[in-house]
Amino acid sequence: MAGTAHAAGRPRLVWALPGLLFFGLFAVAPMALVAGLSFTDWEGLGSPTWSGGDNWSRLWHSGTMRQAVGLSLLLTALTWLVQTPAALLLGVWAAGRQRNRALLSAVFFLPLLASSVALALLWKSLLDPNFGMLADLGDWLGFESGEVLGTGRGAFGAVVFVAAWQFIPFHTLLYQAGARQIPRSLYDAAAIDGAGRVRQFFSITLPQLRNTVVTSTVLMVVGALTFFDTVLILTQGGPGTDTTILPYLMYETGFQSYEMGYGSAIAVSLVLAATAVSVLVVRLTGFSSMRSTREGM
């Protein structure tokens, strides 16, 4: 009976060992190694030399680092402000039964299937001031001679736009799945009471999707704070340092200047920042204590 009770209860720890070993080998161990390198001077060849807290002191007093942190936080905020409303509305629409919905959804989700590098190369060509689409439209948008990527405001806006164009479909899928779980009886009851579509959206759909909103927000925060490949291809951190966010600064320091120790300190700071912001979002929203939105139904 004891064995049967155990079999019907929680699984043994041994079943979690493969996942724990994988996580330890490919996540914990590399992070520990990078944390150790952050206290050394190393050019990528030879043996690292212990430098104590020099890299962290330099990091703390670096104006470039402060600018990169500010740009990363700005990118995170703009990512959420742009992607969340669009993904939410599109997800709720895609969960419906409109005519041609399946075909339009499939076309809309295509950017999600392409690699970030390929999309960055595509948009870099489209934004080229000589032969891109903005060669003629740039002046209409306030960019002289179509030099969108030649200005700090334009380059940063292009990064935000390309990121949104690629990843809104992913978050739309999350909201589509969440919206399909909302019981139809809630909308039928609201319709009987005279509530229109707008009132139903704010009184039923949004409250029922609050868990999905938090999940999407955490994924957006982590994604924005680790955003790299599009910046590398599209702007190379420029013009100047106007799009040098933390991940690009880490790459530039470690793999272009060969300051692996200082680059490791930036990497550890990035991991800590992403973790802290994610935990803060979960705490402030009360996500950890939320119960099912369908409780009692």
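Looking across A195, A190, one residue alone is at pLDDT below 95, more than 24 Å from L121 (Cα to Cα) and in a loop (DSSP other than H, G, I, E, B). It is A195.
Taking the conditions (1) in contact with a helix residue (DSSP H, G or I) (Cβ under 9 Å, 6 or more places away or on another chain); (2) not in a helix (DSSP H, G or I) in turn, T64 satisfies each one other than (2). Answer yes or no as to whether A118 is part of a helix (DSSP H, G or I) and more than 22 Å from the chain's Cα centre (by Cα). Spelling it out, it is not the case that A118 is part of a helix (DSSP H, G or I) and more than 22 Å from the chain's Cα centre (by Cα). If we keep just the residues of segment 44-61 that are part of a helix (DSSP H, G or I) and hydrophobic (A, V, I, L, M, F, W, C), which is surrounded by the fewest Cβ atoms within 10 Å (Cβ to Cβ)? So, considering only residues that are part of a helix (DSSP H, G or I) and hydrophobic (A, V, I, L, M, F, W, C), the one surrounded by the fewest Cβ atoms within 10 Å (Cβ to Cβ) is W60.
Inspect segment 29-48 for any residue being more than 23 Å from F255 (Cβ to Cβ) and free of Cβ contacts under 8 Å to residues at least 60 places away in the same chain and give the result as yes or no. No, every residue in segment 29-48 fails to be more than 23 Å from F255 (Cβ to Cβ) and free of Cβ contacts under 8 Å to residues at least 60 places away in the same chain.
Can we say A94 is of a type in the set (A, V, I, L, M), within 16 Å of A179 (Cβ to Cβ) and surrounded by 15 or more Cβ atoms within 10 Å (Cβ to Cβ)? Full working, then the answer.
Numbers: of a type in the set (A, V, I, L, M): yes; within 16 Å of A179 (Cβ to Cβ): yes; surrounded by 15 or more Cβ atoms within 10 Å (Cβ to Cβ): yes.
Yes, satisfied.
The residues of segment 16-43 that are outside any helix (DSSP H, G or I) and either within 20 Å of L270 (Cα to Cα) or in contact with a Cys (Cβ under 6 Å, 6 or more places away or on another chain) (or both), listed by number, are S38, F39, T40, D41, W42.
The requirement of being buried (at least 22 other Cβ atoms within 10 Å of the Cβ), in a helix (DSSP H, G or I), among the aliphatic types (A, V, I, L, M) and within 19 Å of the chain's Cα centre (by Cα) is fulfilled somewhere in segment 238-246, by at least one residue.
For I204, the stated conditions hold: it is of a type in the set (V, I, T), in a helix (DSSP H, G or I) and surrounded by fewer than 18 Cβ atoms within 10 Å (Cβ to Cβ). When G178, G132, G154 are screened for being assigned to a helix (DSSP H, G or I), crowded, with 18+ Cβ neighbours inside 10 Å and free of Cβ contacts under 8 Å to residues at least 60 places away in the same chain, only G154 passes. A Cβ distance below 6 Å, combined with a sequence gap of six or more or placement on separate chains, defines the contacts here; from segment 265-288, residues that are buried (at least 16 other Cβ atoms within 10 Å of the Cβ) reach residues that are not in a helix (DSSP H, G or I) in the pairs A265/S38; V268/S38.
Based on this model, can you work out whether A77 counts as without any contact (Cβ under 8 Å) to a residue 24 or more places away in the chain and under 16 Å from the mean Cα position of the chain (by Cα)? Spelling it out, A77 is indeed without any contact (Cβ under 8 Å) to a residue 24 or more places away in the chain and under 16 Å from the mean Cα position of the chain (by Cα).
The values are calculated or read from the model by the stated rules, or taken from the named source; none is laboratory data. This is a predicted model, so every value here is computed, not measured. Glycine also receives a Cβ, built like all others from the backbone with ideal geometry; neighbour counts cover every protein chain displayed.
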